[in-house]
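Asker: Please find one structure pasted underneath; my questions will follow.
The values are calculated or read from the model by the stated rules, or taken from the named source; none is laboratory data. Note that the structure is predicted; figures quoted are calculated from it, not measured. Cβ sites come from the backbone with ideal geometry, for glycine too, and all protein chains shown count toward neighbours.
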Amino acid sequence: MAFMGFVNVYALRVNLSVALIAMVNETDSKSLNSTDGQCPVTEVNSTSPFKKNGNFNWDENLQGLILGAFFYGYITTQIPGGWLANWMGGKVLFGGGIFITALLSIVIPICAKTSVSLLIAVRVVQGIGEGVTFPAMHAMWGRWAPPLERSRLVSFSYAGAQLGTVIALPISGYLCQSSLGWESVFYVFGGVGCVWCVAWMFIVSDSPAKHPRISREEKDYVETSIGVDKHKDLKTPWFSILTSMPFWAILMAHMCNNWGFYTLLTTLPKYMREILKFDIAQNGFLSAVPYLCMWIIGNVSGISADYLRHNKILSTTAVRKLYNGLGLMFPAVFLICVTIIKCNHILAVLFLSMAVGLEGMIYAGFNVNHLDIAPAYAGTLYGLTNLAATIPGFLGPQVVGILTDNNNTMCQWHKALYIASGIYAFGAIFYAIFGSGAEQRWAKKPLYQAKNLQDTLTNHDSTQLHRAGGGHVPPFSSLHRNNMTINGFLSAVPYLCMWIIGNVSGISADYLRHNKILSTTAVRKLYNGLGLMFPAVFLICVTIIKCNHVLAVLFLSMAVGLEGMIYAGFNVNHLDIAPAYAGTLLGFTNCAATIPGFLGPQVVGILTDENNTMVQWHKAFYISSAVYAFGAIFYVIFGSGVEQGWAKKPLNATKNVQESVTHYDSTHFQGVNSLHVPPYTSPHAKPMLHDD
């Protein structure tokens with residue numbers, strides 16, 4: 001029932017994202033009068049003659065305000081929702097919040113036709129209703145979810161949000177294009193939400209003690225594993241919460257995740273329609289694909305995370321940091337990839353699906369972490385973090401609206417994706433440093449009087465580092481102190497991976513260029529971005545898994561091995577931009593790149609001198625990860641695969657192979673405005689690519 005509740009929560013939240021496209025009059029929309037920087041309409045992305053001719057003349061700024069209005073109300077009930085759920089239980093609060101939202105959804109068409117101000121007001125009130133849902137459900141799981149089953153239970157129930165998105169987006173697109181019109185979107189989802197609320201109130205109970213149909217065995221198991229429920233007598237330790245770094249780690253991860261998540265959730269249909277030029281039926285379906293991936297990955301992550309904890313392969317802290325780091329860094333990487341491939345529609349959908357889908361790993365990361373560090377106050381903590389994380393809900397769409405208003409081009413959308421990518425990366429790093437899976441002392445004393453399963457789990461978190469020898473890193477040499485052969489072999493494994501991936505990258509990069517699938521600039525940026533961002537991600541992973549030797553070797557091998565992709569990135573780029581001076585250019589860049597050769601080991605030496613601990617080594621990995629990420633982002637923004645004008649003239653007066661490649665890279669752009677993406681030459685021809 002909780003799963004179906006969140007299906008309704010997100011169906012009611014996102015249906016406007018698609019309906020808004022049909023509601024706005026395309027003829028009068030300023031952003032659509034120009035096709036600068038937008039992709040061409042082809043057979044690939046247009047199968048329908050549908051042309052939206054909506055009722056409303058709303059510009060991009062106003063559309064952003066309408067989409068973001070929901071979150072102005074949503075933010076106001078986060079803390080009250082958590083407190084009320086802890087005090088009175090989450091059943092009535094969760095069901096009532098959804099009922100208000102569903103009922104108001106039915107009146108949206110009337111409100112929109114009456115006044116845009118009234119529409120905005122209704123969206124604000126809908127946000128107020130839905131604002132209590134997540135804190136209420138977190139409070140309920142605090143009474144229902146045994147510690148070693150939290151990841152899978154929370155992940156499964158909250159994954160209903162993604163399935164709700166998957167259902168709502170294509171159905172909304174179909175309804176908008178049907179004879180029923182965009183109004184039917186709100187009638188259908190509002191009606192379904194009201195029916196679910198009635199079923200919820202009759203079937204669900206606040207706690208095992210109140211459930212009329214639960215077996216005695218299950219009731220005893222849940223209550224024993226969680227502890228005696230005395231939540232009504234608890235006083236919230238506000239000062240301890242607000243001075244707790246694990247709490248702030250959850251809050252920052254939650255905020256950074258929601259910036260990218262809500263930016264895509266509310267504006268992805270617009271990007272699909274206005275930049276990639278998919279029609280509204282395709283738009284709804286394709287906009288839903290990433291959330292289908294997220295739903296699948298979210299459930300798999302919850303099950304695998306609990307397996308790692310239950311079998312004591314990793315501590316709770318390590319599991320949370322690992323899944324959270326991957327769930328934020330992968331979207332950061334793939335959003336950058338979206339900016340590189342431009343109008344390749346297949347890769348655009350693939351990378352967006354990867355960006356949103358892999359974000360589902362956060363359901364086994366920060367999203368369940370409130371229950372780890374303070375199960376007695378999980379609803380309150382979720383209310384606090386979701387309060388802060390709601391701010392991106394209205395800022396994200398507003399930023400997109402400001403960037404694209406009167407300049408609705410691919411370049412402007414890419415700026416929004418760069419911002420989201422940077423925020424994702426910051427959240428991953430902050431949580432990796434300050435996050436924890438151990439129950440906090442200020443949260444434990446009031447609730448538990450005796451040891452139980454949660455105490456055992458917390459003990460597993462806190463004692464692993466002690467057993468490792470006071471925080472010392474178990475390097476390969478200490479793992480096999482008397483066997484330098486094994487040490488040497490393990491240290492060589494990452495570079496074997498790098499050799500293999502480097503060769504595969506070179507072959508595949510040339511294939512993409514030779515077959516005109518991607519331009520030289522796009523290929524260089526794609527391989528360079530992945531070749532630097534993947535090491536950044538996996539070095540963070542190394543800091544998370546600590547003493548797990550198998551995973552340490554695996555992640556170091558991935559970090560170094562995937563760096564081999566740079567051989568098809570910046571490493572060959574000198575020959576692209578200035579073949580006549582490639583040796584000189586490499587001399588310059590390699591001269592500068594030699595500086596880290598002596599600075600890097602010096603930094604490690606300074607950090608570990610007289611303090612050769614895991615914590616100090618992790619600092620070195622954090623520095624390396626940040627430097628990798630900076631290099632990837634800088635190159636994506638400023639890199640090019642086009643032979644430069646200053647390098648071309650002195651080379652040859654006659655045509656040769658290099659000039660042919662350069663001609664392909666540069667001449668297709670002649671005579672076209674510099675922001676235009678060139679159209680397909682024919683409905684069946686391969687797209688002509690360019691570099692800019």
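Asker: So in region 584-626, with the set limited to residues that are touching a residue at least 12 places away in the same chain (Cβ under 8 Å), in contact with a helix residue (DSSP H, G or I) (Cβ under 9 Å, 6 or more places away or on another chain) and among the aliphatic types (A, V, I, L, M), which one is nearest to Gly422 (Cα to Cα)?
Answerer: Here the answer is Ala626.
Asker: If you take just the helices (runs of 4 or more DSSP H) that sit entirely in region 583-683, which of them hold at least 3 residues that are at pLDDT below 85 and loosely packed, with under 15 Cβ neighbours inside 10 Å?
Answerer: Numbers: elements: 614-638, 645-648, 657-666.
Those helices (runs of 4 or more DSSP H) span 657-666.
Asker: Separate question: For Asn407, only one of the following conditions fails: (1) in a helix (DSSP H, G or I); (2) out of contact with any Lys or Arg (no Cβ under 9 Å at 6 or more places or on another chain). What is its number?
Answerer: Looking at each condition in turn, Asn407 falls short on (1).
Asker: Still on this structure, please answer the following. Could you please let me know if Ile106 is surrounded by fewer than 18 Cβ atoms within 10 Å (Cβ to Cβ) and over 30 Å from His370 (Cα atoms)? So that I can check it myself, show each step before the final result.
Answerer: Details: surrounded by fewer than 18 Cβ atoms within 10 Å (Cβ to Cβ): yes; over 30 Å from His370 (Cα atoms): yes.
Yes: the conditions hold for Ile106.
Asker: Is it the case that region 302-315 has a residue that's within 14 Å of the chain's Cα centre (by Cα) and part of a helix (DSSP H, G or I)?
Answerer: To start, the set of residues in region 302-315 that are within 14 Å of the chain's Cα centre (by Cα) comprises none.
No, region 302-315 contains no residue that is within 14 Å of the chain's Cα centre (by Cα) and part of a helix (DSSP H, G or I).
Asker: Further question on the same structure: Which of the residues spanning region 348-386 are within 30 Å of Trp238 (Cβ to Cβ), of a type in the set (A, V, I, L, M, F, W, C) and either in contact with a Lys or Arg (Cβ under 9 Å, 6 or more places away or on another chain) or without any contact (Cβ under 8 Å) to a residue 40 or more places away in the chain (or both)? Steps first, please.
Answerer: If we filter region 348-386 for residues that are within 30 Å of Trp238 (Cβ to Cβ), which is where we start, we get 362-386.
Narrowing the set further to residues that are of a type in the set (A, V, I, L, M, F, W, C) leaves 362, 364, 366, 368, 371, 373-374, 376, 378, 381, 384.
Residues satisfying the conditions are Ala364, Phe366, Val368, Leu371, Ala374, Ala376.
Asker: Out of Val400, Val368, report the one residue that is buried (at least 23 other Cβ atoms within 10 Å of the Cβ), over 25 Å from Glu223 (Cβ atoms) and touching a Ser or Thr at 6+ places or on another chain (Cβ under 9 Å).
Answerer: Details: Val368 fails: over 25 Å from Glu223 (Cβ atoms).
Just a single option satisfies the conditions, and that option is Val400.
Asker: Given the residues Val195, Val228, which is the only one that is at pLDDT 80 or above, surrounded by fewer than 16 Cβ atoms within 10 Å (Cβ to Cβ) and not acidic (Asp, Glu)?
Answerer: Working: Val228 fails: at pLDDT 80 or above.
Being at pLDDT 80 or above, surrounded by fewer than 16 Cβ atoms within 10 Å (Cβ to Cβ) and not acidic (Asp, Glu) holds for just one of Val195, Val228, which is Val195.
Asker: Would you confirm whether any residue within region 240-253 is more than 24 Å from Leu292 (Cα to Cα), surrounded by fewer than 19 Cβ atoms within 10 Å (Cβ to Cβ), over 30 Å from the mean Cα position of the chain (by Cα) and of a type outside the set (Lys, Arg)? Give the derivation first.
Answerer: Of the residues in region 240-253, the ones more than 24 Å from Leu292 (Cα to Cα) are 240-252.
Restricting the remaining residues to those that are surrounded by fewer than 19 Cβ atoms within 10 Å (Cβ to Cβ) gives 240, 242-243, 245, 248.
Still in the list and also over 30 Å from the mean Cα position of the chain (by Cα): none.
No, there is no match, as no residue in region 240-253 is more than 24 Å from Leu292 (Cα to Cα), surrounded by fewer than 19 Cβ atoms within 10 Å (Cβ to Cβ), over 30 Å from the mean Cα position of the chain (by Cα) and of a type outside the set (Lys, Arg).
Asker: Here are Leu562, Leu575: which of them is modelled with pLDDT of 85 or more, of a type in the set (A, V, I, L, M) and in contact with a helix residue (DSSP H, G or I) (Cβ under 7 Å, 6 or more places away or on another chain)? Lay out the reasoning, then the answer.
Answerer: Working: Leu575 fails: modelled with pLDDT of 85 or more.
One residue alone meets the criteria, Leu562.
Asker: Name the residues in region 543-558 that are closer than 15 Å to Lys619 by Cα and either surrounded by fewer than 22 Cβ atoms within 10 Å (Cβ to Cβ) or not hydrophobic (A, V, I, L, M, F, W, C) (or both), would you? Before the answer, list the steps.
Answerer: We begin by selecting, within region 543-558, every residue closer than 15 Å to Lys619 by Cα; these are 543-546.
Thr543, Ile545, Lys546 - these are the residues of region 543-558 that are closer than 15 Å to Lys619 by Cα and either surrounded by fewer than 22 Cβ atoms within 10 Å (Cβ to Cβ) or not hydrophobic (A, V, I, L, M, F, W, C) (or both).
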